[in-house]
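Here the structure is laid out as structure tokens; the discussion comes afterwards.
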Amino acid sequence: MKAGRRGEWLLTLPSFGWLLVFFLVPTLIVFAFAFKPSDPFGGVGAGWTTQALVGIADPQYAAILWRTVWLSLLTTALCLVLATPAGYAIARAEPRARARLLLLVIVPFWTSFLIRIFAWKVLLHPEGTFKHALVELGLVPEQATLLYTPGAVLLVMVYTFLPFAVLPIYAAAEKFDFQLLEAARDLGAGRLRAFVEVFLPGIRRGLLTAFLVVFIPALGSYVIPDLVGGPGGEMLGNKIAQRVFVDRNLPHASALSAFLILAVLLPLAAVLALQAQRRRSGVSGEEGA
Amino acid sequence: MLAGFETPDTGCIRVDGQDITALPPNQRKVNTIFQSYALFPHLTVRENIAFGPRVAGWPKARIDAEVARMLALTQLEDQARKKPAQISGGQKQRVAIARALINKPDVLLLDEPLAALDLKLRQRMLIELDLIHDQVGITFLYVTHDQGEAMSLSDRIAVMKQGRIEQVGSPAEIYESPRTSFVAAFIGDTNFVEGRVTEILEGDYCRLEPDGFPGIVCFNDKQIAAGRSVSLSLRPEKLRIWRERPQADRLHNAVAGRIEDVIYLGTHTKYWVRVAQHRIAVFEQHNRFLLDETPLRWEQDVWICWHADDAFMLEAYSESDETLTDRPPERVGEGS
């Protein structure tokens with residue numbers, strides 16, 4: 001038993017070490033840089049200052065932060081809404097069909113992420129075939145701009161993150177006992193009601209995972225808004241990149257990054273803490289009964 | 001099909017004279033106890049039981065009262081706040097029953113409800129099911145492969161073979177006068193002997209010449225004509241073993257044989273007796289086993305006797321029924 005524990009620790013050590021050196025330490029460095037002065041050559045100056053922190057209070061960021069949050073939330077919501085029926089359908093498919101459907105979900109990863117975004121640029125381009133087809137079908141007016149809008153960012157983000165939502169939801173649905181749906185129907189629930197009251201709670205862990213793996217990367221999106229967003233579709237990630245590459249102001253970029261990290265981590269930590277507390281009180285209530 | 005998850009190819013399903021064939025499951029007044037119980041894992045016992053009424057939109061006070069009544073009926077008051085994962089198999093079974101019964105269905109469908117339980121619990125739950133049935137007075141439709149469960153719980157049994165009903169009747173009817181050899185073999189143990197009716201005797205009896213047996217007299221309630229081939233079904237517990245040839249009687253049959261195997265089973269002893277090419281199983285109750293004279297032994301020559309009314313004739317049985325009589329192998333590895 002003890003030897004087994006030790007073996008477990010030894011086995012997980014490399015991955016923990018990797019995370020420590022290449023994830024946790026750089027993150028802490030970013031936090032530290034936020035308190036440094038910038039130097040004119042694009043590096044970090046000596047001493048400590050809160051100048052960068054004061055700098056991010058600039059009102060121009062408020063609008064961008066707001067857009068970043070609502071675009072990310074909307075992306076996540078659309079991904080979950082699309083991925084839940086997809087995950088359900090894949091989990092209920094015949095084993096052979098299931099393998100093929102899963103392959104279809106993964107196939108986009110065989111092409112570079114960047115190339116796929118450029119492909120969207122071609123599709124949405126004012127002279128692109130996709131745009132023309134939409135105009136021909138009377139779905140959009142001749143003058144409509146599809147590219148370089150927040151809508152384009154939303155579309156491409158949903159496209160990009162959808163597989164990341166489908167996979168955990170499928171994994172949860174695959175373990176779900178579908179007889180529970182029959183039981184719910186047997187007890188008088190309609191199809192939709194059984195789905196909402198029995199299936200969704202049954203896969204809630206998958207939904208939570210899907211939420212996290214879509215929402216967090218969406219908040220940090222940079223390439224997608226950069227390529228299809230235009231000035232009206234910028235997100236916080238673009239601003240951070242501009243501070244680094246255009247202004248060559250690392251502390252300012254670090255302060256923005258740190259702000260984004262905390263903006264994600266703090267609400268998440270609060271939710272997790274609340275859940276843990278509710279679970280504890282639930283258990284103690286059990287003992288009291 | 002009764003619950004509504006599958007549609008019949010032909011025919012219709014009527015409950016209380018009302019055709020429900022086309023109704024979806026949620027609109028049928030039929031509730032099901034699933035083999036795996038299918039309790040909702042994210043809900044407590046109480047919430048599981050309240051699911052049906054909540055969906056049906058009962059007022060809250062009525063739900064609370066009915067749930068409390070069901071909890072009391074199934075003795076689950078102490079478990080009401082637990083999740084299904086925290087209770088035992090027998091308790092889950094009772095939750096499943098309460099969850100179904102609270103909806104006051106016209107029919108409660110039980111799909112092999114005890115299959116997941118161990119023997120002791122199964123026997124206990126069987127009695128509990130019977131008690132609940134007596135209390136609520138709802139029709140139970142109990143699907144099982146276990147003939148013991150079927151016999152002990154049922155008012156009426158339908159024996160099915162490949163989707164067709166072979167016979168419907170009370171447990172006693174099914175056991176004592178099965179209509180087909182499948183039914184005879186499926187419910188209880190029996191010996192089959194092939195034969196031909198040779199002579200009709202007075203008083204609804206006939207004479208039979210089974211291969212390897214001397215002439216036998218059998219009750220002929222089915223009025224089978226002379227010359228027809230039949231299977232004679234001999235229930236092991238209706239046969240008696242004698243050391244010597246018993247007194248001849250018109251309605252008593254006696255056949256000579258040799259004991260091939262003796263299996264002591266506590267409540268009774270099972271003898272395999274060789275008669276020509278047949279191996280006949282005989283159950284012998286021992287009331288005064290230790291006080292009795294020396295017990296019957298292997299390779300002893302004996303007589304098997306039975307009254308003409310205690311055996312019954314069926315149309316010749318088919319190959320597929322053979323497996324159901326569960327003959328033990330006569331040699332090691334036989335039939336495998």
- line: Just one listed residue, out of A:218, A:269, A:263, is in a helix (DSSP H, G or I), more than 30 Å from residue B:79 (Cβ to Cβ), modelled with pLDDT of 90 or more and within 23 Å of the chain's Cα centre (by Cα), and it is A:218
Boolean, residue B:72 is surrounded by fewer than 19 Cβ atoms within 10 Å (Cβ to Cβ), among the hydrophobic types (A, V, I, L, M, F, W, C), within 13 Å of chain A (Cβ to nearest Cβ) and part of a helix (DSSP H, G or I): no
query: What single numbered condition from (1) aromatic (Phe, Trp, Tyr); (2) part of a loop (DSSP other than H, G, I, E, B); (3) closer than 30 Å to residue A:199 by Cβ fails to hold for residue A:70?
result: (2)
- prompt: Would a scan of the stretch A:137-153 turn up a residue that is of a type in the set (Val, Ile, Thr), crowded, with 16+ Cβ neighbours inside 10 Å and either touching a strand residue (DSSP E or B) at 6+ places or on another chain (Cβ under 9 Å) or within 14 Å of chain B (Cβ to nearest Cβ) (or both)?
  reply: no
message: Only one of A:57, A:62 is modelled with pLDDT under 90, farther than 30 Å from residue A:178 by Cα and in a helix (DSSP H, G or I). Can you tell me which?
response: A:62
- prompt: What single numbered condition from (1) hydrophobic (A, V, I, L, M, F, W, C); (2) surrounded by fewer than 16 Cβ atoms within 10 Å (Cβ to Cβ); (3) in contact (Cβ under 8 Å) with a residue 24 or more places away in the chain fails to hold for residue A:97?
  reply: (3)
task: Determine whether residue A:216 is within 17 Å of residue A:263 (Cβ to Cβ) and among the β-branched types (Val, Ile, Thr).
output: yes
- request: Within the stretch A:228-258, track down each residue that is assigned to a helix (DSSP H, G or I) and either surrounded by fewer than 19 Cβ atoms within 10 Å (Cβ to Cβ) or among the charged types (D, E, K, R) (or both).
  value: A:231, A:232, A:239, A:241, A:242, A:243, A:244, A:245
field: strands (runs of 3 or more DSSP E) wholly inside the stretch B:86-192 that include at least 2 residues being within 14 Å of another protein chain (Cβ to nearest Cβ) and of a type outside the set (D, E, K, R)
entry: B:107-111
Residue match in the stretch B:129-142 (condition: under 12 Å from the mean Cα position of the chain (by Cα), crowded, with 18+ Cβ neighbours inside 10 Å, closer than 30 Å to residue B:72 by Cα and at pLDDT 85 or above): yes
Enumeration of residues in the stretch B:1-37 that are within 11 Å of another protein chain (Cβ to nearest Cβ) and exposed (fewer than 15 other Cβ atoms within 10 Å of the Cβ): B:5, B:6, B:24, B:27
- prompt: Applying the selection to the stretch B:116-128, what residues are surrounded by 14 or more Cβ atoms within 10 Å (Cβ to Cβ) and either of a type outside the set (Lys, Arg) or touching a strand residue (DSSP E or B) at 6+ places or on another chain (Cβ under 7 Å) (or both)?
  reply: B:116, B:117, B:121, B:123, B:125, B:126, B:128
query: Are any of the residues in the stretch A:19-31 in a loop (DSSP other than H, G, I, E, B) and out of contact with any strand residue (DSSP E or B) (no Cβ under 8 Å at 6 or more places or on another chain)?
result: no
task: All but one of (1) at pLDDT below 80; (2) touching a His at 6+ places or on another chain (Cβ under 9 Å); (3) surrounded by 14 or more Cβ atoms within 10 Å (Cβ to Cβ) hold for residue B:325, so report the exception by its number.
output: (2)
- request: Looking only at the stretch B:51-65, count how many residues are within 14 Å of chain A (Cβ to nearest Cβ) and either over 34 Å from the mean Cα position of the chain (by Cα) or touching a residue at least 60 places away in the same chain (Cβ under 8 Å) (or both).
  value: 7
query: Of the residues that make up the stretch A:207-221, is at least one within 13 Å of another protein chain (Cβ to nearest Cβ) and either within 30 Å of residue B:37 (Cα to Cα) or of a type in the set (Asp, Glu) (or both)?
result: yes
task: May I ask you to list the residues in the stretch A:81-94 that are closer than 15 Å to residue A:164 by Cβ and surrounded by fewer than 18 Cβ atoms within 10 Å (Cβ to Cβ)?
output: A:81, A:82
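Listed here are the residues, each with its yes/no results for (1) surrounded by 14 or more Cβ atoms within 10 Å (Cβ to Cβ); (2) out of contact with any Gly (no Cβ under 8 Å at 6 or more places or on another chain).
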| site | (1), (2) |
| --- | --- |
| B:220 | yes, yes |
| B:230 | yes, no |
| B:250 | no, yes |
| B:260 | yes, yes |
| B:268 | yes, yes |
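The values are calculated or read from the model by the stated rules, or taken from the named source; none is laboratory data. Predicted model only: the values in this text are computed from it and were never measured. Backbone-built Cβ (ideal geometry, glycine too); neighbour counts: all protein chains shown.
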